[in-house]
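A short write-up of the structure that comes next.
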Amino acid sequence: MELRSLHYFVRIAELGSITRAAAHLHVAQPALTRHVQRLEDELNVALFTRANRGVRLTEAGQKLLDGATRILRDIERTGDEIRAQDAHPSGKIILGITPTLCPVLVPELFARMRRDYPMIELKVMHAGMVRLEEFVIDGRVDIALLSELSRSRLVVSTRLAEEEMVLVTRPGARPPGVIGADELRRTPLILGDGLRAAMDALLAGQGIELKVDTELNDHETIRLMVQEGAGTTILPLSSVTRECARGLVEAHRIMETGMFRTLALGVRASRNASLARDAAARTIRAMVAEMEGEGRLTMAAKRPAPRRKLRVAS
């Protein structure tokens with residue numbers, strides 16, 4: 001029994017005429033007649049009898065009208081509820097995020113989610129890339145903001161943007177400009193396990209081994225140590241954008257072409273979609289796009305010096 005046939009049947013019963021129903025529904029009269037005949041064949045009863053200038057319900061037709069009206073109203077109500085839920089999604093979402101991105105995105109993310117989706121409860125877990133993938137796969141987080149595209153078949157990851165990794169120093173510690181391979185090899189660094197692994201992956205095949213002088217896994221402490229002149233580090237640009245603007249530290253491009261990590265959203269491949277998760281994903285995408293547009297993910301490329309015009313002696 002098709003919903004469309006029930007809908008046509010109800011409209012014919014309400015108007016008392018196939019002709020008027022056809023005009024109201026903008027459906028050809030023979031098509032409506034076929035739908036009624038299909039219902040009658042399926043139920044093995046007559047639903048209408050002919051009357052003056054129209055049709056009249058039989059006893060069986062009246063029973064079907066009562067039931068069909070309830071069914072169609074329930075379906076309409078359910079559709080309204082789904083549309084309302086889409087406009088106002090609710091539920092709990094656990095976001096996984098890397099330690100370098102956590103202080104950059106999470107404060108504003110909470111503010112936006114509370115403003116735009118007040119019925120969603122957001123929780124955050126931060127961990128390195130390897131553990132984040134495990135959290136996604138075993139369901140401990142619903143969605144994760146990753147620092148590279150996942151290689152696991154159990155995780156679906158979607159690229160958001162490229163973020164530049166930069167050498168961070170105290171102002172004036174070295175001349176402005178690109179740090180080349182030789183200087184990078186010689187520079188003592190303060191690095192944690194996650195950033196060291198990420199840089200080793202980006203430098204693979206280039207014959208460059210980083211000189212890690214101090215191992216420390218707290219990125220906030222690393223930034224403060226650099227500000228105090230206690231060392232140099234490598235961090236994602238977004239982690240030090242504000243400090244650079246305030247003159248507390250300086251960021252330097254690594255190699256002429258720069259070194260970039262990929263920011264991506266990851267979800268478990270077998271996990272069902274949810275409106276709350278989609279809302280969180282939309283908000284994160286918008287925030288990362290804004291950061292990219294504001295130049296907080298990539299250092300501005302230097303403009304080539306203007307060429308001097310040669311004067312020809314006359």
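The values are calculated or read from the model by the stated rules, or taken from the named source; none is laboratory data. Predicted model only: the values in this text are computed from it and were never measured. Reconstructed Cβ throughout: ideal geometry from the backbone, glycine too, with neighbour counts over all protein chains shown. Heavy atoms of the whole protein, side chains included, go into the accessibility calculation; ligands, DNA and RNA do not. Shrake-Rupley method; radii C 1.70, N 1.55, O 1.52, S 1.80 Å.
Tabulated values for the structure
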{"read-out": "Residue in the range 160-172 that is open to solvent by 60 Å² or more (accessible area, probe 1.4 Å), in contact with a strand residue (DSSP E or B) (Cβ under 8 Å, 6 or more places away or on another chain) and touching a residue at least 12 places away in the same chain (Cβ under 8 Å) present", "value": "yes"}
{"read-out": "Residue satisfying all of: in the range 252-277; of a type in the set (Ser, Thr, Tyr) and within 25 Å of Gly207 (Cα to Cα); surrounded by the most Cβ atoms within 10 Å (Cβ to Cβ) among these", "value": "Thr262"}
{"read-out": "Residue tally, condition aliphatic (A, V, I, L, M) and open to solvent by 60 Å² or more (accessible area, probe 1.4 Å), over the range 198-233", "value": "4"}
{"read-out": "Residue within the range 278-293 that is of a type in the set (A, V, I, L, M, F, W, C), outside any helix (DSSP H, G or I) and open to solvent by less than 50 Å² (accessible area, probe 1.4 Å) present", "value": "no"}
{"read-out": "Among the residues listed as Leu64, Leu101, the single one being modelled with pLDDT of 90 or more and within 30 Å of Arg11 (Cβ to Cβ)", "value": "Leu64"}
{"read-out": "Hey, Leu132 more than 19 Å from Gly192 (Cβ to Cβ), surrounded by 15 or more Cβ atoms within 10 Å (Cβ to Cβ) and modelled with pLDDT of 90 or more or not", "value": "no"}
{"read-out": "Long-range neighbours under 9 Å by Cβ, at least six apart or interchain, first residue free of Cβ contacts under 8 Å to residues at least 60 places away in the same chain and over 16 Å from Lys123 (Cβ atoms) within the range 87-104, second crowded, with 18+ Cβ neighbours inside 10 Å and not basic (Lys, Arg)", "value": "His88/Tyr117"}
{"read-out": "Count of residues meeting criterion [outside any strand (DSSP E or B) and farther than 24 Å from Glu256 by Cβ] in the range 153-174", "value": "2"}
{"read-out": "First in the range 253-282 and within 24 Å of Thr232 (Cα to Cα) and charged (D, E, K, R), second anywhere and open to solvent by 20 Å² or more (accessible area, probe 1.4 Å) and in a strand (DSSP E or B), Cβ under 6 Å, 6 or more apart", "value": "none"}
